[in-house]
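First the structure, in the form of structure tokens, and then the observations on it.
The values are calculated or read from the model by the stated rules, or taken from the named source; none is laboratory data. Nothing here was measured: the structure is a model prediction, and the numbers come from that model. Cβ: placed from backbone, ideal geometry, glycine included. Neighbour counts: every protein chain shown. These area figures cover heavy atoms from the full protein model, side chains too; ligands, DNA and RNA do not enter into them. Shrake-Rupley method; radii C 1.70, N 1.55, O 1.52, S 1.80 Å.
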Amino acid sequence: MKMIQPNCRARFAAEDIEFILSILGGKIGTAECLIKLLADEDSRDLILDDEALFHALLERRGCLRVSSRFYFYILVRQVFLRSDIQDRAVADYVAEVLTEFARAEQARCVLPGGANPIEYFFEMLAALKTADDRTSFFIRVHIGNYSLFLSGVFPDRIRFRAEARGFPDLRYYENLGRMQYRMASDHRLAQRYELANILGTLSERFGRTRLALNDMAERLFTLEADYSLEGLIRAIKNAE
């Protein structure tokens, strides 16, 4: 099972550099200057916080020539700031979750020795009853991530299924994600992976985090012809 890490700010594609220069070149100068600034953590974070990048990603039409990690970090960071979620590491982690889960195969939970991945929460919760200590931690993190991904990006789908078919509602996703993040944050492996603070914050502020992602999804779906997250990712991938 793969442990997601907040790595978006540490991974830049050549296209990301070109995009930043196309928006902020007047302030920064040459590509060489930008690369030096991005190598410094404080300078990098100030550059990525520039709202001009956020507005450019939202307003540009057609294929965006940026990496998916850069794309999601800029968007998540700005909507989180508007919701008073200040920790950059939390925004970075959630952006990485969106990047990974936008690929359908990553949304499935793959257990060690399992013949097939499991997709449904009831299966994951059942697996916790017999899982070893390490696997339990991975499952809990995955449930928290998947709950946030679904309720953050597809709230209308959840509401429709809950009202029309009696499926779990948004409160179920929030309670499930909050609980699993909390239990995962207390696990010894959370310290090893340096995720205790991030998981703890996501547990405490799951509702606010989810609403911030709802705002992001609404902005994107208003602008895009393809109303699926996969469609948004496809537009990015076509340019990579």
Only unsatisfied item for residue 159, checking (1) at pLDDT 95 or above; (2) more than 21 Å from residue 111 (Cα to Cα), is (1)
Do the conditions hold for residue 148, that is, is it within 28 Å of residue 220 (Cα to Cα), over 17 Å from the mean Cα position of the chain (by Cα), at pLDDT 95 or above and surrounded by 18 or more Cβ atoms within 10 Å (Cβ to Cβ)?
-> no
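Which residues, counting only those in region 38-51, are of a type in the set (A, V, I, L, M) and crowded, with 16+ Cβ neighbours inside 10 Å?
At the first step, the residues of region 38-51 found to be of a type in the set (A, V, I, L, M) are 38-39, 46-48.
Within region 38-51, 38, 47, 48 qualify.
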Which residue pairs have Cβ atoms closer than 9 Å, lie 6 or more positions apart in sequence or on different chains, and pair a first residue in region 22-33 that is closer than 15 Å to residue 50 by Cα with a second residue that is of a type in the set (Val, Ile, Thr)?
-> 24/47; 27/47; 28/20; 28/47
What residue, of 182, 171, is out of contact with any Pro (no Cβ under 8 Å at 6 or more places or on another chain), farther than 17 Å from residue 76 by Cα, without any contact (Cβ under 8 Å) to a residue 24 or more places away in the chain and buried (at least 17 other Cβ atoms within 10 Å of the Cβ)?
-> 182
Just one listed residue, out of 81, 64, 58, is surrounded by fewer than 21 Cβ atoms within 10 Å (Cβ to Cβ), at pLDDT 95 or above and of a type in the set (A, V, I, L, M), and it is 81
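Residue by residue through region 185-205, note down the ones that are in a loop (DSSP other than H, G, I, E, B), open to solvent by 20 Å² or more (accessible area, probe 1.4 Å) and over 26 Å from residue 157 (Cβ atoms). Spell out the reasoning first.
The initial filter retains those residues of region 185-205 that are in a loop (DSSP other than H, G, I, E, B), namely 186-187, 193-195, 205.
Filter again for open to solvent by 20 Å² or more (accessible area, probe 1.4 Å), leaving 186-187, 193-194, 205.
Selection gives 186, 187, 193, 194.
Condition test on residue 2, is it without any contact (Cβ under 8 Å) to a residue 24 or more places away in the chain and at negative phi?
Values: without any contact (Cβ under 8 Å) to a residue 24 or more places away in the chain: no; at negative phi: yes.
Here the answer is no, as residue 2 does not meet what is asked.
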